[in-house]
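First comes the structure, then the notes that go with it.
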Amino acid sequence: MPVDQKTDAIVKAARKTFLARGFDAASMDQIALEAAVSKRTVYNRFRSKEELFGAAIEDTCRKVLPVNVDEIESSLPPGELLLQLSLEFVKGILDPEALSLRRIAAFEADRTPAIGQSYLAHGPQWMVKQYLPILARLGVKGVLKIDDPEAAIWQLGALITEPLHTWALLGAAPKDLDAAITKQVTGGVTAFLKLYAE
């Protein structure tokens, strides 16, 4: 299998193994077996299990991003753009696999800080970097008055996810999750637009 396909297979195998066994019990041997590659092939691409965990987190985050962001941005008014992107984001982080990976990172972070740092770098901070240019452009266009786009992104994230994300992490998600997501995100985006209205 070509190099890019091997890397993709390793990352997908790692995510599956981490989800099934947790971080500590997962091994590079198991990941290599699941990916149908040699252990050496795994280590040629990822120096450690921590690095591979980060790659699995980032791969999960990539699925949240729309593939046609430029098209969406050019075709929707600012409020609708933020609403659509926020809905996709919240649906993504409330996916059962995404929640399980966050639980693993939170559990391991105290005794292995590198795991928490890897999750932070390849999860939340990676997502902030992806959405930052969009929010910055809205500021440049005069649609929103934003002095610090990065701080604004974190604020938007809190407004559209909480308390729903905490409920879901602790196994207390509402029965009608889709309706709860729509309500949370709509209220959060509305509050954000008021906060940063030009």
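The values are calculated or read from the model by the stated rules, or taken from the named source; none is laboratory data. Keep in mind that what you see is a predicted model, and the values were worked out from it rather than measured. In this analysis, Cβ positions are derived from the backbone assuming ideal geometry, glycine residues included, and neighbour counts consider all displayed protein chains.
Checking residue 65 against (1) at pLDDT below 90; (2) in a helix (DSSP H, G or I), which single condition isn't satisfied?
Here residue 65 meets the rest and fails (2).
To keep it simple, each residue is scored yes or no on (1) small (Gly, Ala, Ser); (2) touching a helix residue (DSSP H, G or I) at 6+ places or on another chain (Cβ under 7 Å).
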position	(1), (2)
81	no, yes
92	yes, yes
95	no, no
105	yes, yes
117	no, no
121	yes, yes
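Mind listing just one residue for me: the one in the stretch 111-130 that is of a type in the set (Ser, Thr, Tyr) and touching a Gly at 6+ places or on another chain (Cβ under 9 Å) and, of those, surrounded by the fewest Cβ atoms within 10 Å (Cβ to Cβ)?
The selected residue is 119.
Can you name the residue in the stretch 52-79 that is closer than 14 Å to residue 8 by Cα and not hydrophobic (A, V, I, L, M, F, W, C) and is also farthest from the chain's Cα centre (by Cα) among such residues?
54
Take residue 30 and tell me if it is free of Cβ contacts under 8 Å to residues at least 60 places away in the same chain, surrounded by 15 or more Cβ atoms within 10 Å (Cβ to Cβ) and under 16 Å from the mean Cα position of the chain (by Cα).
no
So for the stretch 8-27 (the condition being crowded, with 20+ Cβ neighbours inside 10 Å and in a loop (DSSP other than H, G, I, E, B)), does at least one residue qualify?
yes
Every residue in the stretch 110-150 that is assigned to a helix (DSSP H, G or I) and small (Gly, Ala, Ser), please.
114, 116, 118, 121, 136, 139
Output yes when any residue across the stretch 66-76 is touching a residue at least 12 places away in the same chain (Cβ under 8 Å) and either in contact with a His (Cβ under 9 Å, 6 or more places away or on another chain) or more than 26 Å from residue 188 (Cα to Cα) (or both), and no when none is.
Start the filter on the stretch 66-76 by keeping residues that are touching a residue at least 12 places away in the same chain (Cβ under 8 Å), which leaves 66, 69, 72-73.
When the remaining residues are screened for being either in contact with a His (Cβ under 9 Å, 6 or more places away or on another chain) or more than 26 Å from residue 188 (Cα to Cα) (or both), the result is none.
Scanning the stretch 66-76 turns up no residue that is touching a residue at least 12 places away in the same chain (Cβ under 8 Å) and either in contact with a His (Cβ under 9 Å, 6 or more places away or on another chain) or more than 26 Å from residue 188 (Cα to Cα) (or both).
Tally time: how many residues in the stretch 170-192 are touching a residue at least 40 places away in the same chain (Cβ under 8 Å) and in contact with a helix residue (DSSP H, G or I) (Cβ under 6 Å, 6 or more places away or on another chain)?
7
Does residue 100 satisfy the condition of being among the polar types (S, T, N, Q), touching a Leu at 6+ places or on another chain (Cβ under 7 Å) and within 19 Å of residue 19 (Cβ to Cβ)? Walk me through how you get there before you give the answer.
Details: among the polar types (S, T, N, Q): yes; touching a Leu at 6+ places or on another chain (Cβ under 7 Å): yes; within 19 Å of residue 19 (Cβ to Cβ): yes.
Against the criterion (among the polar types (S, T, N, Q), touching a Leu at 6+ places or on another chain (Cβ under 7 Å) and within 19 Å of residue 19 (Cβ to Cβ)), residue 100 qualifies.
For residues that are in contact (Cβ under 8 Å) with a residue 12 or more places away in the chain and surrounded by fewer than 17 Cβ atoms within 10 Å (Cβ to Cβ), scanning just the stretch 34-48, find the one that is farthest from residue 115 (Cα to Cα).
Restricting to residues being in contact (Cβ under 8 Å) with a residue 12 or more places away in the chain and surrounded by fewer than 17 Cβ atoms within 10 Å (Cβ to Cβ), the top hit is 36.
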